[in-house]
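Each remark here refers to the structure printed beneath this line.
The values are calculated or read from the model by the stated rules, or taken from the named source; none is laboratory data. Quick caveat: nothing in here was measured; it's all calculated off a predicted structure. So basically every Cβ, Gly included, is an ideal-geometry build from the backbone, and we count neighbours across all protein chains shown.
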Amino acid sequence: MGNVEQAFVLTDRDLAVVASSEQAADLSEKGHIVRGDHLLDHFPGLATFVMPDGEAVLRDVPVRGSSVEVRVIPAGEFISFYLSGHAPGPENSDLSAELKVLREQNRHLLGVIEEAPIGIMFIDEGGRIAYMNKKQEENTRKKRETLLNRPVKSVYPKTFVNAEVVEMYERLHSKDVNRMEVLVDHYYPQFYKKDMIIKFLGYRVEELNWAVLFIEVEDELYHEKRKAEKAGEELRQSKTFLAQVLDASPNIVMSVDSKRRVLSFNKTAERLTGFCASQVFNTPVDRFFPREELPKLNQAISHQGLWFGTMNLYRFDKTTFRIELYTAKVKDEASGKDIATLLLGVDIEEQEKLRKNLIQSQKMTFIGELVSGLAHQLNNPLVGVMNIAEVLLRKWDPADENYHLLKMIHEAGKTCHETISRLLSFSRKPEMNKRVMVDIREVLRAGMDFVTRHEVFQKVELSHTFHAVPLIMGDPVLLQQVFMNILFNAAQAVDGTGRIEVTCSGVYGMGRQVEVNIADNGHGIAREDISKIFEPFYTTKKEGKGTGIGLSLVYWIVQDHGGRIEVESELQKGTTFTVYLPAILC
C-alpha cells in the first residue's frame, strides 16, 4: 500500500458510518464511503479484530493487500478510526503527537456537546437525525437510540407545522443561509402535553452539508424571566394609569423625597405654575414657596400625619397665588418607613375672589339701606339750604364781591340734592335707575372743575391727559361722584402739596372699555390695607378725617355700572386707582 496519508472514519457504536475523510475512500474496498454504510463492508480486515471498549491501536490490519495501523478512539456514542500506512516510530513522532492532540480535542468536543445545557441535534444531508445529545433526549423524552437515523420530520411532525421552522430548515439545506433563529410561542411538543416556548437556532456545517439544531426549551428560569417581564409590564401599565389619574386631577399633586427634591409633578401643577415637569424633577420643592412661607412648609413636610394649611405658591413669573395645602407621608408597606411626602394643592384664588365679592355684595346691600336712610334725613334740610340761597341770590347785588360765594353755595346744594336723589334711586330697584349715553371725559372735567374750588386743592398740581374714548351708558351724576371721591382721597394723600395725574383712554381688546387712571405721588397705602379700603367704614385716616364710606360708595357705583376698580400702591411712592367701564356696543 505504500506510504498513505492518514485516513479518518467516524462511526456510531454499531459501526455505522457517520462521516469519513477523502483518504478513507482511497483505502476502502468499495471506494466511496456513504453515511450509514457499515465500517466492515469497506474494511473487512477489521473483522478479525475484537473492537475494544476503550482506546486501542490495532496493528497489521489487512487493507487492500497491505497492512495498516488503526487507532480506535471511542467518545460517547461515537467511535473514531484513524488509519495509517506506517506504525508510529521515531520518524513519525510529529504525526503521533498530532494524533494525540486531535484525539483529546475530539474527546473534549464530543463531551461538551453531550453535556451541553441545551438540546443539540445533527441532521444529515438526507434529513435524518445523525446525533442528539443528552439534553435533547431529555427534551424529547424518548430514548435516542429509537430516533437516530430517522427523518427529523417524521420524528417531530408537530414542529414542522410551524411555518417559521419549515422556512429555517429549508433555507439551511438549500444553502441560502448559514445561520437562522426561530422563536415559537405556545409550542406543543411531540411526545407530551405542555404549552411552552421553544427557541431554535439552526447552523449549517458546509463541509458535511449537515444542519445543526440548537434547541432551548422554556425551563423554570425562563418561566421566572417571563413572569418578571409580565410583572414589569403590569407595573408599567399601572404606573401609566396612576400618572393619568394624577394628571386628570383638578388639583396640584407633587411628591418629594426625604431631601425635599421633587419626584412627581402632575399636569395641573404644570398648568397653574407655568413650570414643566422636566424643569423641576430632582430640584428642591422650596423653590415654589416665598421665603416667608418656608417655616410653614417645614412644618407641613415634617408632620407625620395629615397636615392642612393655606399658603402662597410661586408661578413661573414669580407672581403668587393662594392654595390650600395638604401633606401626607407615603410609606413602604414592607418596612413601614417613609419613602416620600405627598403634597396636594387646591387653588383657592378664584374661591377667594368669589367669597370676597359675595361679602362685598352683602356690604353694599347694607350700604344701600344706609344711604337710603341717610338720604331721607339729609334731603329736607338740604332743600332748606337751597331755598334760602335762592332767595338771597334774588336780593343780592351781582356786583357784590361775595355774590359768587353765595352762588357757589346754591350750586353745591343743587349738586348735593341731585346726588341724594340719584342715591335714593340707586338704592331702589335697578330698573328705576336712569342711564344715558355718557362721554366720560365730560364727567371728569366737571368733577375736576368742582374739586379744584375746594381749599385742599389750592396747592395741588392737578393735570390730565384725555384720549379719544367710546361712549358708555351710565348716570353722569353718580359717576362724577366716583371720580370726585377718588380725587379728594388723592389730595389728602399728598397732604395738599403733591401731584395728581388723571388719564382717560379707550381699551379695544376683548370687549371695548373706557379706562380712567387717577394717580398721585402721596404717602401710599400699606399692602395689608389695600384689600380692605372698599369695605364700609374702614379708613386709615386719622380720627375725624374720614368716615370710611366714600370708597365704599365708589366701589358700589362702579360695580352697578358693570365696571371694576383696581388699586396699585406703594408706601411713600403713591397710589393709582384704575376704573374700567364697559363701552356701548356699536
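Say whether the condition of being closer than 17 Å to ALA130 by Cα and not small (Gly, Ala, Ser) is met by at least one residue in region 46-63. Within region 46-63, not a single residue is closer than 17 Å to ALA130 by Cα and not small (Gly, Ala, Ser). Of all residues in region 463-485, those that are among the β-branched types (Val, Ile, Thr), within 52 Å of the chain's Cα centre (by Cα) and surrounded by fewer than 22 Cβ atoms within 10 Å (Cβ to Cβ) total 2. A residue that is modelled with pLDDT under 70 and closer than 30 Å to ASP176 by Cα cannot be found anywhere in region 222-232. Of the residues making up region 37-63, those that are at pLDDT 85 or above and in a loop (DSSP other than H, G, I, E, B) are ASP37, PHE43.
Looking across region 287-324, the residues that are part of a helix (DSSP H, G or I) and surrounded by 15 or more Cβ atoms within 10 Å (Cβ to Cβ) come down to PHE288, GLU293, LYS296, LEU297, ALA300, ILE301. Taking the criterion of being part of a loop (DSSP other than H, G, I, E, B) and among the hydroxyl-bearing types (Ser, Thr, Tyr), the residues of region 236-276 that qualify are SER249, SER258. Within region 174-219, the residues that satisfy the criterion of being among the hydroxyl-bearing types (Ser, Thr, Tyr) and over 18 Å from GLU114 (Cα atoms) are SER174, TYR187, TYR188, TYR192. Which residues, taken from region 119-161, are polar (S, T, N, Q) and free of Cβ contacts under 8 Å to residues at least 24 places away in the same chain? If the condition is that a residue be polar (S, T, N, Q) and free of Cβ contacts under 8 Å to residues at least 24 places away in the same chain, then ASN133, THR146, SER154 are the ones that fit.
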